[in-house]
Amino acid sequence: SYSCHDLTALIFLNLFGAGTETTSTTTEWAMSLLLNHPAALRKAQAEIDAAVGTSRLVTADDVPRLAYLQCIVSETLRLYPAAPMLLPHQSSADCKVGGYNVPSGTMLMVNAYAIHRDPAVWERPLEFVPERFEDGKAEGRFMIPFGMGRRRCPGETLALRTIGMVLATLVQCFDWERVDGAEVDMTEGGGLTIPKVVPLEAVCRPRPAMRDVLQSL
Ligand code: HEM
């Protein structure tokens, strides 16, 4: 039997576990992609400069207005969905899916990773092209980094806000370069999540235009 205190601890651990690594890995993949695609990085920086400027730090309220930044986050979640097989589900009753009889109690794994890279759905599926999400162009395309239905990720809004805020701040405050100009290694690890096999290392310099803001922190 569990006490109320135990249950609170379990819920907290669950939320913490589900929420931290997924969010940090996605941010690491996004920065890695940007470092390998300097034009996208420059475009994101220009967007922030135009919308926020360099005399104050970007805030959470700015993030929804940074359309290109959102495209970068979407494209990162398409290529590297933090939970590539979602979470296992189990059918609670006999049902029919796509013509197959699925008995009650069957474990169902959904390969979101494969769906997100399906050439029948996405043009040049393996390429990082945030522009594919611009102006709602990708609306209706099948993307499920947070699952769907009743057990869909309840942390989606928090995750998108956190990733957007962290990326926007990193891009606004610093100029980024690859170590010795070498491509960032994008090897994917296996498991329940998609970790980077080689952790991201990069060179960053405070942007001269942001010096006053950074010094006042
Ligand atoms: C980029 C970040 C995240 C990704 C990609 C992600 C993805 C997912 C996915 C795919 C599922 C399973 C959905 C399904 O099978 O239908 C899930 C479940 C869940 N996520 Fe997230 N998640 C993220 C961030 C978070 C955050 C920040 C929190 C909490 C603060 C969170 C809490 C949960 C919980 C509690 C569940 C289980 C829900 C249930 O079983 O009813 N996640 N997440």
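Computed quantities for the displayed model
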| quantity | calculated |
| --- | --- |
| Neighbours by Cβ (under 7 Å, 6+ apart or cross-chain): first from region 10-23, surrounded by 11 or more Cβ atoms within 10 Å (Cβ to Cβ); second not in a helix (DSSP H, G or I) | Ala18/Gly155; Gly19/Gly155; Glu21/Thr193; Thr22/Ala82; Thr22/Ala83; Thr22/Thr193 |
| Candidates Ala209, Ala202, Ala159, filtered to the one that is small (Gly, Ala, Ser), surrounded by 16 or more Cβ atoms within 10 Å (Cβ to Cβ), within 23 Å of Gln45 (Cα to Cα) and touching a residue at least 12 places away in the same chain (Cβ under 8 Å) | Ala159 |
| Extreme residue, surrounded by the fewest Cβ atoms within 10 Å (Cβ to Cβ), among residues of region 92-110 that are assigned to a loop (DSSP other than H, G, I, E, B) and among the β-branched types (Val, Ile, Thr) | Thr106 |
| Residue among Ala138, Ala202 that is closer than 18 Å to Thr76 by Cβ, touching a Phe, Trp or Tyr at 6+ places or on another chain (Cβ under 7 Å) and more than 16 Å from the ligand (Cβ to nearest atom) | Ala202 |
| Number of the exception - Ala44 against (1) within 26 Å of Gly136 (Cβ to Cβ); (2) at pLDDT below 95 | (2) |
| Matching residues, region 115-128, being open to solvent by less than 50 Å² (accessible area, probe 1.4 Å) and either under 16 Å from Leu33 (Cβ atoms) or free of Cβ contacts under 8 Å to residues at least 12 places away in the same chain (or both) | His116, Arg117, Trp122, Pro125, Phe128 |
| Residue that is nearest to Arg211 (Cα to Cα) [pool: residues in region 50-62 that are touching a residue at least 60 places away in the same chain (Cβ under 8 Å) and among the charged types (D, E, K, R)] | Arg56 |
| Tabulated pairs, region 129-150, first open to solvent by 60 Å² or more (accessible area, probe 1.4 Å), second within 11 Å of the ligand (Cβ to nearest atom) and not β-branched (Val, Ile, Thr), C-beta under 8 angstrom, 6+ apart or interchain | none |
| Region 183-199, subset closer than 16 Å to Leu79 by Cβ and surrounded by 12 or more Cβ atoms within 10 Å (Cβ to Cβ), residue modelled with the lowest pLDDT | Thr193 |
| Count - residues of region 119-151 that are of a type outside the set (A, V, I, L, M), part of a loop (DSSP other than H, G, I, E, B), at pLDDT 95 or above and within 11 Å of Cys71 (Cα to Cα) | 1 |
| Filter result for Thr169 (in a helix (DSSP H, G or I), more than 16 Å from the ligand (Cβ to nearest atom), out of contact with any Lys or Arg (no Cβ under 9 Å at 6 or more places or on another chain) and not charged (D, E, K, R)) | yes |
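The values are calculated or read from the model by the stated rules, or taken from the named source; none is laboratory data. Quick caveat: nothing in here was measured; it's all calculated off a predicted structure. All Cβ positions, even for glycine, are placed from backbone atoms using ideal geometry, and neighbour counts span all protein chains on display. With ligands, DNA and RNA removed, areas are computed over all heavy atoms of the protein, side chains included. Shrake-Rupley method; radii C 1.70, N 1.55, O 1.52, S 1.80 Å.
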